[in-house]
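First comes the structure, then the notes that go with it.
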Amino acid sequence: MLARLCLAISVLAGAGLLAVRLEAADAGLYGQAISPPAAMQPELKLAVADLQETLQQIAGKPFALVEQPEGPAVLLRRSDAADVPPAAVQRLPADNREACCLWPDGDRLWLISHSDTGLSHAVYLYLEQLGCRWYFPSAKWTIVPRRPSIRLEEPVALAPAFRSRVFAGTGGFGGKLPLDPERQIESRWNDWRRRNRFGGEFQVSGHTGEAFNLKYKEQLEAHPEWRAMRNGERQPWNLIGKFCAGNPEVVDLYVRDRVEAYRLARERDPESPRSWAVSVEPADGGGHCTAPESLALGSVSDRVFHVANQAARAVRKEFPDGRVSLFAYNEHAAPPTIPVEPNVYVQVIPYAFQRTGLSPEQLLDAWSKKVSRMGIYDYWSIPDWEHDLPTFDPLGFGPTRLRGWHRRGVDSFLCESTYSSGAMGVAWYVGGRLAWNPSADPEALFKEFTRDCFGPSAPAMQRLLRRWADGFQLTSHELALTYRDLQEAQAAAGDDAAVLARVADYARYAGYLERYFLYHQTRRGSPERQAAADVLIRYLWSIYDSSMVHAFRLSQLLARDERLAGNAELGDVFNWQDHAAPGWSQITPLSQASALALISAGVAAYSPQDFIPRRFTGTLTPATTSLTASLAVTQPPAVTTATTTTNTTAESGRTPVLWLTNAFEATVQAERPNQLFRLQIASQDAVRLLVNDSSGKVLLDQTIDTGEAWRTTWEEASIVLREPGLYSLRVVSQKKSFRITASADAMLTFEDWWNSQGLPTPRLYFYVPAGTQQLAMYANYIAAGPPRFFDPQGQEVQPTLVDQGHLLLLPIPAEQQGRIWSLDRAKCPMGAVRFLNAPQAFAFDASRLLVPQSALAKEPTDGAE
């Protein structure tokens, strides 16, 4: 495309065609002329080529590129150009290089910005005004309407709410893959991000310690005093090793290296977003130096930011507007006690890999008090964790998080994610719009997407995508519903080729979900698992071109997992670094006909169960306020493990004991003013107890470190809750075991827990809403069998096990609906069982259970609430 643009400009200039005659052009088409700047950055050249090609598709007539038009034209100009209307420039914030303005001026339209990046945004903003959309990175997901006029009647000015808006799929694209040596998928995703105005006036980089260690390996090996000390000994050189922050020689070497890197970046392209700052982020992982000279600097954060400050001062000395950047991450996530230089840009990673003991919101608040501006690094459905399943909520979670960042003054985000249109296409399309305008309506954007892409099939596709967003769990039941929704969408599409092509893409994605499901229905290391892995990896590559899954990363993960299970052959047959590996010649792209055939096959293969997934909302309310909730629950025998030290039976005046292996969160309700809340915790290693009020204010912050006697000894914690209302309780544990119990009168409810097989739960109570004829639950971990379930009278009820026990179904008689049930002996090392049509809430006592208000409705809704 870029080559075509350069050729077009060359031919026009050589022929002396510098203007287009009015009489040969339609007045509603701006003379069918586009006038770009004489010199352009590569990004803008691509945008201008898109503009020319897209306007020709809209109007059905050719558009010429002209240098100095004498008459009507679409003119792209930087704000400092001599011929730009001054009133249009006034619409642009002086300090925002990406802000852009569309300025109608009679028979001319001006696209104006302070930079080429902003002009690129102006191109796509203009095309959006004409109805163009780029929903997913594929021609079939591109909407270009036909229309007789391309005129704008009113000015449009827009500046991004976030100055840097970046997402990247974990693992990248893999370079020149055997099935994609021209890197077409990578190119399509890059085009898609540009067209949806991702990017920014700056982009920060990540870890630099690894490159520093490689570059200076010889010197680091020759100077052991430069390397980190751990447990009293200098560590040998390794790729992710840290240097001694208290050694001025190695710090000076690192600072000089960073200044040199920044200098080279500025020389290459001073306008590039990559030239805004140079990273000083250490190598990944822990292992920071504990030598006396390093410890004298303070905490790990103090040490890391001590080095960052020195680099910042050195950069600023040579480049007054220069900056350094780094993460607030892992062991250096907490703000340092020392001042931070003003040209240090911090990107906080609050939602994972931080050991501060603070909630994400508290960590962000702490950093906002330390620095004048900051960014966010977050994880949005990365394939390593979510496996490209549609678990992300694009209409609730994503918009809420973006708006929350904006309210806190965060001015950039870098999200690690996936290159999967099926899992995250809608989320990133909606997110891209909110990154410019946080007040945009996600619901309206979603309806526009389904209307534009699916037309008569929109109702079925909306139902499918909303259900996924409301709490996706991969079960045979969900596959049955998915294939039936797609069947309805296919039928409604009729002979609409464009809609059928998009339905076929979702059928390809459903085919992946099915094969991933079948893979996990087999036992690790078994011949059946190896066969399922072979089917799955072949299918991934057969739909690679659709971009509906991040096939490269998923295949890497699959090959790794199989190798660990003894199946090394899979990775060899599909070695992505070997174009001659035997598997590649066996891959045939899945045709549209074959993709659509998956739908009818899926309908025949899977039957839905008799339940409707539900989501519950509203203020947490005592379940006993429901007129039908019963407290007549018989206590079963106490659950006791092999040793008396792990008895979960409740002591007098206290709840039963919950033994846990990871962090724990709960909600506490104070029913009256000045209510005393008491609990006991015991842990072998230090854990942190936090209690917050509804505004997030920390009311209690206590470290618990019981030591060797933690199985038999308790530590007390108590707090007076001054006002009635809801409070949050968190035990911050880095996968350290502990046990907890509270006073029996505590109104304490929790959603999740992690415990071991040897320490199952005591009796826990939950609420089954009215109208629930069959309770459905999902269990991640099934090796230890299901919990025991009890009806309101304390009678044990056996669940029906589906999908090898991952899906559990309990029949609920009419007289036991809208009442409190219970379970015990739950063994959940991967998280608690998830209710699919009941509120996710548990309590130690039936009378102390809190549930969302909507769960107490006398009549159920017919879907998600």
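The values are calculated or read from the model by the stated rules, or taken from the named source; none is laboratory data. Quick caveat, the model's predicted, so the values are computed rather than measured. All Cβ positions, glycine included, derive from the backbone under ideal geometry; neighbour counts span all protein chains shown. The protein model used for the area step is the full one, side chains on, heavy atoms only, and it has no ligands, DNA or RNA in it. Shrake-Rupley method; radii C 1.70, N 1.55, O 1.52, S 1.80 Å.
Remarks
- Debye intensity ratio in log₁₀ form over the Cα atoms of region 287-380, taken at each q of 0.14, 0.16 Å⁻¹: -0.50, -0.65
- Student exercise, region 22-159 dipole from Lys, Arg, Asp, Glu Cβ charges, in Debye to nearest 20: 440 debye
- For the chain, accessible area per residue (1.4 Å probe, heavy atoms of protein chains only), Å²: 41 Å²
- What you get for the chain, charging only the Cβ of Lys and Arg (+1) and of Asp and Glu (-1), is a dipole of about 440 debye around the Cα centre.
- Shape class for region 22-159: oblate, because the ratio a/c of the largest to smallest gyration tensor axis (alpha-carbon atoms, square roots of eigenvalues) is 1.5 or more and b/c is at least a/b.
- When the alpha carbon gyration tensor of region 365-431 is reduced to an equivalent ellipsoid, the three semi-axes, largest first, read 25, 12, 9 Å.
- Rounded to the nearest 20 debye, the dipole magnitude of region 304-397 is 680 debye, with +1 charges on Lys and Arg beta carbons, -1 on Asp and Glu beta carbons, and the Cα centre as origin.
- Note on TYR379: accessible area approximately 40 square angstrom, rounded to 10, probe 1.4 Å, nucleic acids and ligands left out.
- Accessible area of the chain belonging to carbon and sulfur atoms, whole % at 1.4 Å probe: 51 percent
- Legend: distances between Cα atoms for LYS736/LYS827; LYS370/LYS736; LYS369/LYS697; LYS242/LYS317; pairs beyond 21 Å are LYS370/LYS736; LYS242/LYS317.
- Using C-alpha pairs below 8 Å separated by at least 6 residues, the relative contact order for the chain is 8 percent.
- Dipole of region 354-451 [Lys/Arg +1, Asp/Glu -1 at C-beta], most positive-end residue of GLY431, LEU402, PHE446: LEU402
- Segments 599-608, 108-117 sorted - mean Cβ within 10 Å per residue, highest first: 108-117, 599-608
- Charge dipole (region 22-159, unit charges on Cβ, about Cα centre) - positive-most of VAL48, PRO145, PRO86: PRO145
- Here LYS61 is the anchor, and the aspartates and glutamates within straight C-alpha reach of less than 13 Å, apart from those fewer than 8 places off in the same chain, are ASP26, GLU53.
- Charge-dipole axis of the chain as Lys and Arg at +1 and Asp and Glu at -1 on Cβ define it, positive-most pick from ALA352, PHE202, LEU554: ALA352
- Derived value for the chain: Kirkwood hydrodynamic radius 30.4 Å. Basis is the mean of 1/r over every pair of different alpha-carbon atoms.
- Rounded if a/c under 1.5, otherwise prolate or oblate - region 471-605, Cα gyration tensor axes: oblate
- Only protein heavy atoms count here; on that basis, with a 1.4 Å probe, ARG313 has an accessible area of about 110 Å².
- Ordering of 837-845, 528-536 by packing [mean C-beta count within 10 Å, highest first]: 837-845, 528-536
- Residue-averaged [θ]222 nm for the chain, counting only DSSP H segments that reach four residues, each worth -39500 (n - 2.57): -10000 deg cm²/dmol
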